[in-house]
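Asker: Starting off with a structure, shown below.
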Amino acid sequence: QVQLVESGGGFVQPGGSLKLSCVASGHIFTIYTVAWYRQTPGLQRELVARLTDGDSPNYGDPVKGRFTISRNDARDTVFLQMNNLKPEDTAVYYCNVGLSTQDSSIWGQGTQVTVSS
């Protein structure tokens, strides 16, 4: 079993930066893909960034050039560096990991990011 704990969300002004962290515990060696999604009230969940073993990262169009997804060397933590934040980035951000041992993915609890003047 893998469990995820997110942190790093908060309130920032437009143009500011935040770095989200998602720490995985349990059978972390089964993780082969990591991703960040976000949800805004009234809108569908959208992919922010995804990183799969052996592949280059993928980013949703609204965040390209501003956000960066990465993993630490121990491979138990996934990060989302968010730069030049915009009000439209306001959402609840969720980390998500895909496992080699099951078809369903694992979700973090979510962390609120609010970008406002």
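The values are calculated or read from the model by the stated rules, or taken from the named source; none is laboratory data. Since the structure is predicted, the reported quantities are computational estimates derived from the model, not experimental observations. Note that we place each Cβ from the backbone using ideal geometry, even for glycine, and neighbour counts take in every protein chain shown. Ligands, DNA and RNA are stripped out before the accessible areas are found, and what is left, the full protein with its side chains, is counted by its heavy atoms. Shrake-Rupley method; radii C 1.70, N 1.55, O 1.52, S 1.80 Å.
Asker: Can you name the number of the only condition in (1) more than 18 Å from G110 (Cβ to Cβ); (2) buried (at least 18 other Cβ atoms within 10 Å of the Cβ) that R71 fails?
Answerer: (2)
Asker: Please go through the range 85-116 and pick out each residue that is among the hydrophobic types (A, V, I, L, M, F, W, C) and not in a strand (DSSP E or B). Quick ask: steps written out before the conclusion?
Answerer: Our first condition is that a residue be among the hydrophobic types (A, V, I, L, M, F, W, C); within the range 85-116, this holds for 85, 91-92, 95, 97, 99, 106-107, 113, 115.
L85 - this is the single residue of the range 85-116 that is among the hydrophobic types (A, V, I, L, M, F, W, C) and not in a strand (DSSP E or B).
Asker: Within the range 37-47, identify whether any single residue is under 19 Å from Q3 (Cα atoms) and part of a strand (DSSP E or B), and answer yes or no.
Answerer: Here is the first cut: in the range 37-47, the residues under 19 Å from Q3 (Cα atoms) are 37-38.
Imposing the further condition that a residue be part of a strand (DSSP E or B) reduces the set to 37-38.
Yes, the range 37-47 contains a residue that is under 19 Å from Q3 (Cα atoms) and part of a strand (DSSP E or B).
Asker: Would you confirm, using the coordinates I've provided, whether D73 is modelled with pLDDT under 95 and out of contact with any helix residue (DSSP H, G or I) (no Cβ under 8 Å at 6 or more places or on another chain)?
Answerer: yes
Asker: A follow-up question, please. Would you check which residues across the range 18-31 are outside any strand (DSSP E or B) and open to solvent by 60 Å² or more (accessible area, probe 1.4 Å) and list them? Show your work before the answer.
Answerer: Going through the range 18-31, the residues outside any strand (DSSP E or B) turn out to be 27-30.
If the condition is that a residue be outside any strand (DSSP E or B) and open to solvent by 60 Å² or more (accessible area, probe 1.4 Å), then H27, F29 are the ones that fit.
Asker: Shifting gears a bit: Could you say which residue among P14, P41 is surrounded by fewer than 16 Cβ atoms within 10 Å (Cβ to Cβ) and touching a helix residue (DSSP H, G or I) at 6+ places or on another chain (Cβ under 8 Å)?
Answerer: None of the others qualify; the one that does is P14.
Asker: May I ask you to list pairs of residues, at least six apart or on different chains, whose Cβ atoms are under 6 Å apart, with the first in the range 24-38 being more than 17 Å from F67 (Cβ to Cβ) and in contact (Cβ under 8 Å) with a residue 12 or more places away in the chain and the second being open to solvent by 10 Å² or more (accessible area, probe 1.4 Å) and not in a strand (DSSP E or B)?
Answerer: Filtered contacts from the range 24-38: A24/D76; G26/Q1; I28/D76; T30/S100; T30/T101; Y32/D53; Y32/S100.
Asker: Shifting gears a bit: Would you check if V34 is aliphatic (A, V, I, L, M), closer than 20 Å to T114 by Cβ, open to solvent by less than 90 Å² (accessible area, probe 1.4 Å) and assigned to a strand (DSSP E or B)?
Answerer: Numbers: aliphatic (A, V, I, L, M): yes; closer than 20 Å to T114 by Cβ: no; open to solvent by less than 90 Å² (accessible area, probe 1.4 Å): yes; assigned to a strand (DSSP E or B): yes.
Criteria not met by V34.
Asker: For the range 51-62, how many residues meet the condition of being open to solvent by 70 Å² or more (accessible area, probe 1.4 Å) and either assigned to a strand (DSSP E or B) or modelled with pLDDT under 95 (or both)?
Answerer: So the count comes out to 4.
Asker: Out of the residues in the range 76-117 that are loosely packed, with under 15 Cβ neighbours inside 10 Å and acidic (D, E), which is modelled with the highest pLDDT?
Answerer: So, considering only residues that are loosely packed, with under 15 Cβ neighbours inside 10 Å and acidic (D, E), the one modelled with the highest pLDDT is E88.
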